[in-house]
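As structure tokens, the structure follows; a few thoughts come after it.
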Amino acid sequence: MSPSRVLVLNSGSSSVKYQLLDMRDSSRLAAGLVERIGEETSRLRHTPLARGGETREWNAPVADHEAALKAVSQELARDGLGLDSPELAAIGHRVVHGGKRFTEPTVVDEAVLAEIERLIPVAPLHNPANLTGIRTAQALRPDLPQVAVFDTAFHTTMPESAARYAIDVRTADEHRIRRYGFHGTSHAYVSRATAKLLGRAPEEVNVIVLHLGNGASASAVRGGRCVDTSMGLTPLEGLVMGTRSGDADPAVIFHLARVGGMSIDEIDTLLNKKSGLVGLCGDNDMREIRRRIDEGDAQAQLAFDIYIHRLKKYIGAYCAVLGTVDAIAFTAGVGENAAPVREAAVAGLEILGLAVDGALNAVRSDEPRLISPEDARVKIAVVPTDEELEIATQTFALVEG
Ligand code: AMP
């Protein structure tokens, strides 16, 4: 039998998340996470899903990504799933920034690595870690195809009118400044899964996807192709997020530098790490914010209101961009779990044909489902995202094809 397993690696600056899938039936064989790489308190958590095994967890220093991947390989080997297995068909890597060039998943070679490296200035936090993950995996299994699946790829279909900022064209081109968009793997998966839920082909439907996690982004998808998205040059633009401000007047930055005396790095940290929900109320977890609201906390209420106000503006904008909308899909941690967010996001938007059914919205489930009234013109859906499955599917299709 030909090899059918795909290892999916999501390498962050100090963590590696992984899943091993068998693409014969898209089943998950194992999943885990190495955290705090490079620190004394590194932690590995591994769950052998295939045999219903118990999660194993240990704390011990893991010096770097190479050590992390070796530790992952050892854990997999204990379940008979080691990286040296002939059943492994490929390793699929999440790569955050693929620029304009990478519109599809791509088998990694030296030229691809060089291009991912060239994009580091526009993804300084993510692309270096992604590169390290690829190089480490290559060293462990040089014979195996390594496939890069880019967060930006799904958004490369945006028309220039959506992708360009209205700033001097030559300056923008020189510095490769444009809207790239992120979370693309999730937007691709969820928009397709939403079409399936409606019993229609992706080419036939227009969908607004609201990926609301700690990071959050919206996209407008026409007939399976992205035509606009809320994140931009970097994942800072757009919706209010856990710690990121999303949209703000660019002049806020000049003001903070000139009047506030802050350095560029300080402003970067402020907008990326100390803003959004955490900057507004001190908490970035929507569960905690809802709990505080229930206790009458006005600061938490205001943070929630600002979050919802922004979300509504994007829903309205993307209805206008698409012209006709068949469905709005909520996904990721907040979108899948926070019924009050879904309810508030469409409240008062009857003029756009939007409404949620209170009872359906309150149902908790891991399955894709509709939460709009049966006769609704625009369907509202909750569709759990599965970026690992999407990366594995794209990786396997490429190496098989
Ligand atoms: P993600 O980035 O997709 O993993 O989403 C993480 C976020 O989802 C957390 O920071 C929480 O704000 C949110 N979240 C997770 N579970 C729930 C829940 N049951 N209710 C509300 N929000 C949740």
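The values are calculated or read from the model by the stated rules, or taken from the named source; none is laboratory data. Quantities reported herein were computed from a predicted structural model and do not represent experimental measurements. Note: ideal-geometry Cβ built from the backbone for every residue, glycine included; neighbour counts use all protein chains shown. Remember, those area values only see protein heavy atoms, side chains included, never the ligands or the DNA or RNA. Shrake-Rupley method; radii C 1.70, N 1.55, O 1.52, S 1.80 Å.
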Nearby lysines by direct alpha-carbon distance to Lys17 (threshold 18 angstrom, same-chain neighbours under 8 apart not counted): Lys70
Contour minus Cα-Cα span, Glu160 to Leu302, at 0.36 nm per residue, comes to 47.5 nm
Looking only at aspartates and glutamates whose Cα falls under 12 Å of Lys100's and that sit 8 or more positions away or on another chain, we get Glu115, Asp151, Glu160, Asp173
Would you mind computing, in nm to one decimal, how far apart the modelled labels at Ala347 and Ile167 are, each placed 7 Å from Cα along Cα→Cβ? 3.7 nm
Determine the per residue accessible area of the chain with all protein chains present and a 1.4 angstrom probe, expressed in square angstrom. 46 Å²
Working from Cα positions, state the angle (0 to 90°, nearest 10) between the long axis of helix 298-322 and the longest principal axis of the chain. 90 degrees
10 °C / 1.306 mPa s Stokes-Einstein diffusion coefficient of region 274-350, Kirkwood radius on C-alpha pairs, µm²/s: 119 µm²/s
Once you have the Cα-Cα distance between Ala397 and Lys273, take 0.36 nm times their residue separation minus that, and quote the gain in nm to one decimal. 41.0 nm
Output wanted: per-residue J couplings in Hz (rounded whole) for region 331-346, from phi through Karplus 6.51 cos²θ - 1.76 cosθ + 1.60, θ = phi - 60°, x for Gly and Pro. 8, 6, x, 6, x, 7, 10, 9, 4, x, 5, 5, 5, 5, 5, 10
Per the 1/(1 + (r/R0)^6) rule, R0 = 45 Å and r from the Cβ atoms of Ser2 and Thr41, FRET efficiency to 0.05 is 0.60
For Arg176 and Ser26 in one chain, what is 0.36 nm times their gap in residues minus the Cα-Cα distance, to one decimal in nm? 50.3 nm
Can you send over the carbon and sulfur percentage of the accessible area for region 23-91, probe radius 1.4 Å, protein chains only? 45 percent
Convex hull around the C-alpha positions of region 138-203: the volume in Å³ per residue is 148 Å³
State, as an integer percentage, the relative contact order of region 279-368 based on alpha-carbon contacts under 8 Å between residues 6 or more apart. 22 percent
Quick check on the chain: what are the equivalent-ellipsoid semi-axes from the Cα gyration tensor, as sqrt(5λ), descending, whole Å? 33, 26, 23
Relative contact order (%) - criterion: Cα under 8 Å, at least six apart; region: region 25-98: 22 percent
The ³J(HN,Hα) series, computed from each phi in region 112-123 with the Karplus coefficients 6.51, -1.76 and 1.60 at θ = phi - 60°, rounded to the nearest Hz and given as x for glycine or proline, is 5, 4, 5, 5, 4, 5, 4, 8, 4, x, 8, 9
So what J values fall out for region 47-60 if you push phi through Karplus, 6.51 cos²θ - 1.76 cosθ + 1.60 with θ = phi - 60°, rounded to Hz, Gly and Pro as x? 10, x, 6, 4, 9, x, x, 7, 5, 9, 9, 9, 10, 6
I'd like the GluC sites (Glu not before Pro) in region 357-401 restricted to DSSP loop residues with at most 12 other Cβ atoms within 10 Å, sorted by number. Glu374
Listed by chain and number, the aspartates and glutamates with an alpha carbon less than 16 angstrom from that of Lys313, same-chain partners under 8 positions apart left out, are Asp228, Glu237, Asp247, Asp249, Asp305, Glu343, Glu350
Dividing the helical contributions, -39500 (n - 2.57) per DSSP H run of n ≥ 4, by the residues of the chain yields a 222 nm value, nearest 500 deg cm²/dmol, of -11000 deg cm²/dmol
Nearest 5 is fine: what % of DSSP beta bridges in the chain come out antiparallel, could you say? 65 percent
Region 244-401, accessible surface, carbon-and-sulfur percent (1.4 angstrom probe): 54 percent
From Cα pairs below 8 angstrom and at least 6 apart in sequence, can you work out the relative contact order of the chain, rounded to a whole percent? 14 percent
Pairwise FRET efficiency - Glu204 versus Ala376, Cβ, R0 = 22 Å, nearest 0.05: 0.80
Degrees between helix 264-273 axis and first principal axis of the chain (Cα, 0 to 90, nearest 10): 90 degrees
Size of charge dipole - region 19-162 - debye, nearest 20, with Cβ of Lys, Arg +1 and Asp, Glu -1, no other charges: 200 debye
Could you tell me which GluC sites (Glu not before Pro) in region 240-324 are loop residues by DSSP with no more than 11 other beta carbons within 10 angstrom of their beta carbon? Glu295
Please list, in order, the residues from region 159-177 whose amide nitrogen is less than 20 Å from a point placed 7 Å along the Cα→Cβ vector of Phe254. 165-173, 175, 177
Within 10 Å of each candidate Cβ there may be at most 16 other Cβ atoms; applying that plus a DSSP loop requirement, which trypsin sites (Lys or Arg not before Pro) in region 153-186 survive? Arg164, Arg176
